[in-house]
Every structure is written in structure tokens, then in C-alpha cells.
Amino acid sequence: MCGIAGFLLRTGNADANTVHSMCDQIRHRGPDDEGYYVHGPCALGMRRLSIIDLNTGQQPISNEDGTVWVVFNGEIYNYPQLRSELVEKGHLFTTNGDTETLVHLYEEEGVSGLTKLQGMFAFCIWDARRRQMLLVRDRFGKKPLYYCESPQGIYFASELKCLRAAGVPLELDDEALRLYFQFSYIPDPRSPFRNVKKLAPGGWMTCSGGAIKQQGRYWSLPLPNEENANGMPEEQFCEQLRHDFDQAVRLRLVADVPLGAFLSGGIDSGSVVASMSRQSPEPVKTFSIGFEETQFNELAEAALVAQKYGTEHHPILVKPDAINLVMRLVRHFDEPFGDSSAIPTFIVSEFASRHVKVVLSGDGGDELFGGYESFQDVEKRQFLDYVPQAFRKATARVAAILPYSTYGKNYLRMFSRPSGIERYFESNYSPYFLREQMLASDWMLPADAGFLMQTFTDCLPSPVKRTLTQAMYFEATAKLTGDMLVKVDRMSMANSLEVRCPFLDHKLAELAATVPHGWKIRDGRGKWILIKALGDRLPPRLLTQPKKGFGVPLEMWFRNSLRDFLLDHFRRPRICERGIVNRKFLDALIHEHMSGCRANQHWLWTLLMLELWLLEFESSMESRPVMAHSYALSS
């Protein structure tokens with residue numbers, strides 16, 4: 001696992017100092033080593049967290065004659081098989097790790113060889129003969145890759161702070177910030193800056209002459225089946241699921257350093273630990289986190305799994321330094337990020353990194369196997385599709401005149417939405433009515449299906465028979481990539497820890513897509529088929545307990561340890577001088593929360609993270625390199 005950065009200029013020769021400065025920003029991603037290639041217009045750099053091939057895996061790595069070079073962030077789990085095939089075709093290897101496989105696979109098959117890779121990765125290959133750069137990102141976007149096409153050339157990096165250090169032009173993207181208010185993160189391919197994009201998951205890009213030449217996708221998640229199209233019996237599928245899941249776990253156990261697992265007390269992480277224990281000769285090291293508040297503490301459930309499999313268990317009950325931690329989150333995310341579950345993710349990553357350098361996690365199980373309660377709600381509300389449009393319009397008019405005080409108790413606003421996917425976003429993301437109260441009119445985005453479809457072209461399939469298909473696909477593509485995996489990557493790499501996700505093995509994901517909806521959601525609960533296949537490996541208590549989110553007691557923190565910090569930032573005139581937030585409504589949100597009459601921690605956290613990020617960004621602009629352009633925040 002590493003961090004990478006580099007650039008390809010339109011004219012002139014690359015400056016080694018620039019790529020060094022870029023990589024200095026991501027030392028946390030790779031504290032063990034660093035390496036550079038600078039020749040002509042091309043500069044490549046990396047910071048290395050040594051996981052595999054500790055002695056000979058230094059990067060950049062080239063082919064036999066030094067005409068093809070690579071910098072690589074991630075792991076290729078099937079590299080031994082690929083390596084054998086390439087050796088048979090005459091390629092010579094000088095290292096024992098996975099990185100060199102990329103060079104020779106590119107020589108042999110070019111872009112078409114990407115379909116053979118199984119793993120998580122972001123990498124850049126420089127082909128000196130063709131004077132062409134290839135940028136690639138893994139199928140789910142587990143590893144980040146930002147890029148910028150500027151008048152000087154193409155710049156790329158694992159984190160935005162690298163581009164800032166290189167002095168690329170940075171101008172705030174108002175449209176991206178509007179999307180942040182709706183989703184609490186900035187969806188791919190956007191970033192906070194107009195000229196900086198994220199390479200698509202499963203995507204590739206070629207550049208030459210300092211400009212983008214071609215882009216494409218080598219993989220997309222198949223649409224989930226609405227019915228049992230292949231006619232496979234349930235028992236046969238369960239057998240296949242057990243095999244593929246154990247294989248996905250087995251591939252992720254390869255490491256030359258200590259390895260463990262996050263254990264939250266839920267079905268997904270418990271299944272990963274169970275599979276690891278069945279395949280590991282030594283006790284698995286497991287790490288769990290809990291808070292004093294009962295609703296945020298699953299230590300007891302995690303202990304049941306640890307006891308069943310005799311793991312080397314490390315639980316921690318935390319009282320974090322909340323203020324200091326908040327500021328660290330802002331610096332590591334590099335962009336506005338409103339998912340407060342980043343806090344426990346950071347804490348458990350920091351805790352685990354004291355003992356291991358790699359952990360496996362249960363991320364992806366809910367998205368691929370229908371585990372979220374919101375999916376069940378979609379099915380329950382399916383009947384609303386048959387409500388006459390005239391009645392909907394009448395309901396919408398009534399909902400529009402209802403006072404804010406009815407928010408959270410009145411479902412007319414959600415029911416009045418004309419389509420199932422609009423109802424899904426209204427009830428699970430930022431409600432239009434609430435944003436309308438909080439934001440200046442220029443900062444509002446539409447709430448209609450057309451806008452959603454246009455914004456998430458590849459993540460909201462149409463036409464489909466059932467809204468559930470769209471909702472599940474959105475969560476497994478846009479939300480997973482833009483929120484969940486960003487959170488895991490930034491918080492783990494902030495602590496120099498690698499996280500591997502067996503559920504997001506692309507072959508397992510393709511199998512999950514064949515599962516009909518009725519096998520995922522049945523008898524009032526999600527992940528039905530996953531529990532049928534793997535449930536006998538888990539303590540019975542885990543199979544019947546209500547689902548808990550991975551969160552923190554933010555509601556209480558804002559009334560206690562974070563109260564002064566929150567009020568100090570929200571009482572400053574700067575937050576409203578930006579022309580984004582309605583001062584009166586913000587005061588109302590704060591009063592409601594502090595008085596206990598309504599829990600507004602989600603919105604307060606969303607606004608706080610944006611304000612802190614803007615302050616951090618404005619401060620960093622004061623020491624920008626010469627190439628930097630001015631920025632503006634306009635509506």
C-alpha cells in the first residue's frame with residue numbers, strides 16, 4: 001500500500017523538486033520508503049507502506065530495458081498466477097512482489113490486460129517509447145486517484161494535498177459544494193475544485209503531450225437481478241457463495257507483515273473473522289471499538305465472535321479528544337466530508353495500527369446483499385407508485401405549506417414525490433424541504449428524478465421495473481465509492497494501515513448481482529441469503545439483533561465536549577458572509593439541538609465540516625506556489 005503522485009508536462013523537462021514536494025504531503029500513506037523517476041517531461045513519485053516483498057519491492061519499477069515504469073498504490077491479489085503466465089511468455093522479473101506484474105502485463109496486453117487484475121489499486125504507467133502515460137483505478141474505487149489537466153500538463157495524485165503542493169490551479173467548484181449539501185460528500189467524478197476530477201472506478205486514462213487522449217472503463221458492476229433469472233436453487237447458490245467468499249478472504253490473507261481484522265459485532269465483519277479463522281493456522285488478531293453510550297457499543301457482540309474463534313482480541317472503550325480529532329479529520333479528507341462515522345473509523349484504525357499493518361473489514365456486505373433498512377422501506381413504499389398523480393400533486397401542495405415544526409413527523413413531503421427514486425433520496429439523504437430552509441436560494445439543487453439521473457448517469461440505471469434495483473445499485477456504486485470507501489481509505493491511511501475488503505472482491509460482487517431481490521430481503525430483514533449461507537458460522541445472537549450503524553455519540557458531544565467548539569465557529573460572521581447558509585435557520589438548528597427538543601447533529605456536523613474545510617483551504621492558499629491561480633466562491 002502506498003501513495004502515488006506525478007505529472008506529464010506539455011513542454012520542457014520535469015522538476016524533481018515538484019514531485020518530491022507532492023510526495024512529502026502523503027508520507028502517512030507510506031512511511032517505510034520513497035522512490036522517484038524523473039526523465040524528460042515525466043515525473044513519477046511514491047511513498048511506500050511495505051506489505052509484500054519487503055526487500056525488493058521498492059518503486060518505481062521498470063521493465064527489462066527501462067522503457068516502461070510504474071508507481072502503484074494497492075495490492076494485486078492474483079499476482080502469483082499472473083507472474084507465472086508472464087514468465088512463461090518470456091518476461092524477466094527482478095522482484096518478488098505484485099508491482100512488477102503490472103509492467104509486464106502492460107507490455108504483453110496493454111489496456112486489455114486490466115481485466116485480469118484482481119485487487120485494489122491505483123497506478124500510473126509511463127511508456128517512454130510511446131511517450132504515453134496510463135492512469136488506472138480499481139473496480140470499486142477503493143484506492144483514490146485525482147487528476148488535473150492544466151495549461152502546464154497532466155497532474156495526478158492519491159490525495160488532493162499533493163496537487164496543491166504542485167501549485168496546480170485551484171478554483172472552488174460551487175456545483176460540487178451544492179452536491180455536498182445533498183449527499184454529505186462530493187460524488188465522483190467531481191472534487192471541490194473545477195479542474196480536478198477523480199478517475200472513475202474501473203476506469204483508465206491515457207495521456208500524451210501533457211494532455212488527456214483517451215478514457216474508458218474496463219469494468220462496471222452488473223445490475224442486480226430482480227428475479228431468479230438463471231434458475232439456480234437456493235442451496236446450490238449458498239454453496240457457491242460460501243466458496244467464493246472464502247476464496248475472497250483467502251486471497252486477502254497474503255502479507256509479509258502482521259495482519260488482523262476489524263470486528264464490529266455485526267454479521268459482515270463477523271463472517272470475515274470466521275472465514276479468516278477457518279483458514280489461518282494462528283489466532284486472528286481482532287480489533288473492536290465501543291463508546292460508553294449503549295447504542296454505540298457492540299463490544300459484547302464482538303466478544304462473542306472473538307470467543308467462538310479464539311482470536312487474539314483487542315477491544316477498546318474510548319473517550320477521544322473530540323476537538324483535536326475533528327481537526328485531524330479535516331486535514332486528512334482534503335475535501336468536505338460529512339460522514340461522522342469517520343470518527344470511529346479513525347480511532348479503530350489508529351488502535352489497530354499499533355499491532356498490525358493490514359486488516360480485513362466487512363465493508364460492502366450491506367450494499368451487495370441488501371442489508372440496509374432503507375432497502376426494506378423501498379419495498380414497503382412500492383404501492384405509492386400506483387397512487388394517482390392528481391392526488392400526489394394535491395399532497396405536494398399541502399406539504400409545501402406545512403411549517404418547519406412538522407419536519408420529522410410528517411411524511412407527506414416524502415409521499416408526494418412523483419417517483420420511487422425521488423422518495424428514496426428524500427427519505428435517506430438531505431430532504432429538499434430542509435435544505436430549502438437552511439440554504440440561500442442560489443445554493444439549492446433540484447430534487448427531481450431528472451436531476452438525479454443526470455448527476456449519477458452510471459449509478460442510477462434506467463429503465464428498471466423496481467425502485468429497489470436503482471437504490472441498491474446507487475448504494476453499491478456512487479455511495480460506496482464516494483462515501484464509505486473514501487472514509488475507510490483516508491482514516492486507515494492516516495494511520496499507515498492497509499484495509500482489505502473481501503466482500504468487494506469483484507468476482508464475489510458479480511455473484512451477488514445474480515441474487516434476486518427476494519433472496520436478499522425476506523421475512524422483514526436484509527442479507528437473508530448471506531445469513532443462510534454463512535449464518536451457522538456466527539453466534540446466534542448476531543443473527544437476531546437489530547442492525548446498528550457504525551457511529552459515534554455526536555448528539556451528546558455537541559451538547560457537551562464539542563459544544564463550545566461548535567458555537568465558536570458558528571457564531572463567527574464568516575460562515576454567513578459566504579452567502580451560503582441562512583443565519584436565522586442556523587441559529588434555530590443550534591437552539592433546537594442544545595435545548596434537546598430535536599437532534600440536529602447530522603446537519604450541524606455537515607455544516608461544521610464544510611466551514612472547517614473552507615477555513616483550512618483559505619489558510620493554505622496564503623502559502624501557495626507561484627503557479628497557483630486565484631480562487632473564488634461565487635453562486
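Considering only residues of region 57-96 that are buried (at least 21 other Cβ atoms within 10 Å of the Cβ), farther than 19 Å from Gln118 by Cβ and among the aliphatic types (A, V, I, L, M), which is nearest to the chain's Cα centre (by Cα)? Applying the filter and picking the extreme gives Val71. Only one of the numbered conditions (1) aliphatic (A, V, I, L, M); (2) surrounded by fewer than 19 Cβ atoms within 10 Å (Cβ to Cβ); (3) under 18 Å from Glu239 (Cβ atoms) is not met by Leu543, and that is (3). Set side by side, the residues Gly30, Gly6 differ, and just one is under 30 Å from Pro258 (Cβ atoms), buried (at least 24 other Cβ atoms within 10 Å of the Cβ) and not assigned by TED's automatic domain parsing to the domain that holds Glu498, which is Gly30. Checking each residue in region 437-461 for being assigned to a helix (DSSP H, G or I) and at pLDDT below 85 picks out only Ala449.
Condition check ((1) within 26 Å of Asp256 (Cβ to Cβ); (2) of a type outside the set (D, E, K, R); (3) modelled with pLDDT of 95 or more) across all residues:
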{"residue": "Glu88", "(1), (2), (3)": "yes, no, yes"}
{"residue": "Thr94", "(1), (2), (3)": "yes, yes, no"}
{"residue": "Gly97", "(1), (2), (3)": "yes, yes, no"}
{"residue": "Leu102", "(1), (2), (3)": "yes, yes, yes"}
{"residue": "Leu114", "(1), (2), (3)": "yes, yes, yes"}
{"residue": "Asp127", "(1), (2), (3)": "no, no, yes"}
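Taking (1) part of a helix (DSSP H, G or I); (2) touching a Gly at 6+ places or on another chain (Cβ under 9 Å) in turn, Val326 satisfies each apart from (2). Looking only at residues of region 267-300 that are at pLDDT 95 or above and of a type in the set (Gly, Ala, Ser), we find that the one that is surrounded by the most Cβ atoms within 10 Å (Cβ to Cβ) is Gly270. Is at least one residue of region 312-324 buried (at least 23 other Cβ atoms within 10 Å of the Cβ) and in contact with a helix residue (DSSP H, G or I) (Cβ under 8 Å, 6 or more places away or on another chain)? No, that holds for no residue.
So that you can scan it fast, the table gives a plain yes or no per residue for (1) polar (S, T, N, Q); (2) outside the structural domain of Ala533 (by TED's automatic domain parsing); (3) buried (at least 16 other Cβ atoms within 10 Å of the Cβ); (4) in a helix (DSSP H, G or I):
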site	(1), (2), (3), (4)
Asn225	yes, yes, yes, no
Asn228	yes, yes, yes, no
Asp246	no, no, yes, yes
Leu253	no, no, yes, no
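You will find that of Lys548, Lys584, the residue that is in a helix (DSSP H, G or I), among the charged types (D, E, K, R) and either surrounded by 14 or more Cβ atoms within 10 Å (Cβ to Cβ) or out of contact with any Lys or Arg (no Cβ under 7 Å at 6 or more places or on another chain) (or both) is Lys584 and no other. Could you look through region 486-536, keep only residues that are among the small types (Gly, Ala, Ser) and assigned to a loop (DSSP other than H, G, I, E, B), and pick out the one that is nearest to the chain's Cα centre (by Cα)? The residue in question is Ala494. Applying the criterion of being among the aliphatic types (A, V, I, L, M) and more than 22 Å from the chain's Cα centre (by Cα) to the residues of region 153-172, the residue that is nearest to Lys198 (Cα to Cα) is Ile154. Residues in region 102-112 include none that are within 28 Å of Ala255 (Cβ to Cβ), of a type in the set (D, E, K, R) and crowded, with 24+ Cβ neighbours inside 10 Å.
The values are calculated or read from the model by the stated rules, or taken from the named source; none is laboratory data. This is a predicted model, so every value here is computed, not measured. Virtual Cβ from ideal backbone geometry, glycine too; neighbours counted across all protein chains shown.
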